[in-house]
Amino acid sequence: MKYLIIGAGGTGGVVGAFMTRAGKDVTLIARGEHLKSMQEHGLTLERLWDGSRETIRVKASDMEHYQEKPDVIFVCVKGYSLEDTIPFIRRVAHADTIVIPILNIYGTGGRMQKKLPELLVTDGCIYVSANILEPGVILQHGKILRIVFGVRAVEEYRPELEKIRDDLISSGIDGILSENIQRDALEKFSYVSPIGAAGLYYGANAGDFQKEGEPRETFKTMIREIAALAEALGVPFEKDMVEVNLKILGNLLPEATTSMQRDVMEGKPSEVDGLVSEVVRLGHQYQVPVPTYEKVEEKILHFIK
């Protein structure tokens with residue numbers, strides 16, 4: 001299968017490198033100096049846990065010059081850049097192309113499907129901690145690399161989804177074809193939203209949440225508020241997400257931070273609206289109290305103004 005990955009940062013870059021190394025037909029879409037460096041020198045993965053480096057010769061292009069017709073498109077951009085991908089996907093997709101968004105923001109697949117009704121757009125999410133260290137170099141903070149994806153309705157299922165899962169697994173990625181992607185994506189959201197929001201609120205890294213104290217307790221409370229929302233949305237969690245998310249957190253190196261934290265601190269566009277404010281809006285819509293999110297949102301919005 002021919003794969004296209006839109007976005008070559010900490011999400012798409014890592015996935016593209018792993019799949020390319022495994023011999024899959026993959027092209028990464030990027031821009032600027034990062035694209036230029038990948039085209040000239042390859043993509044380097046640096047591992048924070050042991051300092052090792054590996055450079056992989058990847059295929060990379062920008063949207064303007066990409067002319068192939070991919071079978072699978074992984075969308076790995078930030079939420080605020082999502083709209084820019086729609087015309088490009090329309091141009092390059094063929095009738096049977098499968099689009100798999102693996103963004104941090106819950107419900108992305110459904111929103112994209114409305115704009116791309118002629119294609120199959122699944123839901124999906126990714127567990128990875130990495131960022132662009134410099135053009136052509138991505139720093140992995142932890143070993144976790146898992147992609148969960150699936151259709152929202154049984155009638156949308158296609159056998160190619162199993163091939164995609166198998167390609168991910170054979171690339172060293174924990175690929176999971178979900179039977180309830182809305183719940184699984186919300187489970188992921190119950191980690192990435194609280195850790196990003198609380199990390200920004202306290203100016204904290206993973207190490208601050210790995211030990212007992214106020215940041216850790218706030219993180220746990222925010223997970224519980226997401227769990228209450230999951231009940232109201234009709235996709236209740238079947239496991240203790242506080243326990244699950246603390247285990248994920250425990251596997252990160254203490255100095256790890258989230259992309260939302262880094263973006264806000266560097267004055268870049270961020271996913272605050274989709275990861276923080278959206279929870280407050282859903283709380284009001286479904287009449288679910290989210291007082292911790294409201295407190296955190298107020299401080300963050302004041303800070304970024």
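Structural remarks
- Subset tally (residues that are of a type in the set (A, V, I, L, M) and not in a helix (DSSP H, G or I)) for the range 194-249: 2
- Only one of the numbered conditions (1) assigned to a loop (DSSP other than H, G, I, E, B); (2) free of Cβ contacts under 8 Å to residues at least 40 places away in the same chain; (3) closer than 27 Å to R57 by Cα is violated by G142, and that is (2).
- Of all residues in the range 138-159, exactly one satisfies the criterion of being among the aliphatic types (A, V, I, L, M), under 17 Å from G51 (Cβ atoms) and open to solvent by 10 Å² or more (accessible area, probe 1.4 Å), namely L139.
- Residue count for the range 78-108 under the criterion of being crowded, with 17+ Cβ neighbours inside 10 Å and either free of Cβ contacts under 8 Å to residues at least 60 places away in the same chain or of a type outside the set (D, E, K, R) (or both): the result is 19.
- Lone qualifier among V72, V58 - being in contact with a Phe, Trp or Tyr (Cβ under 9 Å, 6 or more places away or on another chain) and open to solvent by less than 50 Å² (accessible area, probe 1.4 Å): V72
- Which numbered condition K69 fails, given (1) touching a residue at least 60 places away in the same chain (Cβ under 8 Å); (2) under 23 Å from L103 (Cβ atoms): (2)
- Boolean, T292 is touching a Ser or Thr at 6+ places or on another chain (Cβ under 6 Å), open to solvent by 30 Å² or more (accessible area, probe 1.4 Å) and either under 17 Å from Q182 (Cα atoms) or in a helix (DSSP H, G or I) (or both): no
Matching residues to (1) assigned to a loop (DSSP other than H, G, I, E, B); (2) at pLDDT below 95; (3) polar (S, T, N, Q):
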| residue | (1), (2), (3) |
| --- | --- |
| V15 | no, no, no |
| H34 | no, no, no |
| S37 | no, no, yes |
| L45 | no, no, no |
| G51 | yes, yes, no |
| E54 | no, no, no |
| E68 | yes, no, no |
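- Test for F237: is it aromatic (F, W, Y) and surrounded by fewer than 16 Cβ atoms within 10 Å (Cβ to Cβ): no
The values are calculated or read from the model by the stated rules, or taken from the named source; none is laboratory data. Note that the coordinates shown come from a computational prediction; the quantities given were computed from them, not determined experimentally. As a convention, Cβ positions derive from the backbone with ideal geometry for all residues, glycine included, and neighbour counts pool all protein chains shown. In case anyone asks, the SASA skips ligands and DNA or RNA and just uses the protein heavy atoms, side chains included. Shrake-Rupley method; radii C 1.70, N 1.55, O 1.52, S 1.80 Å.
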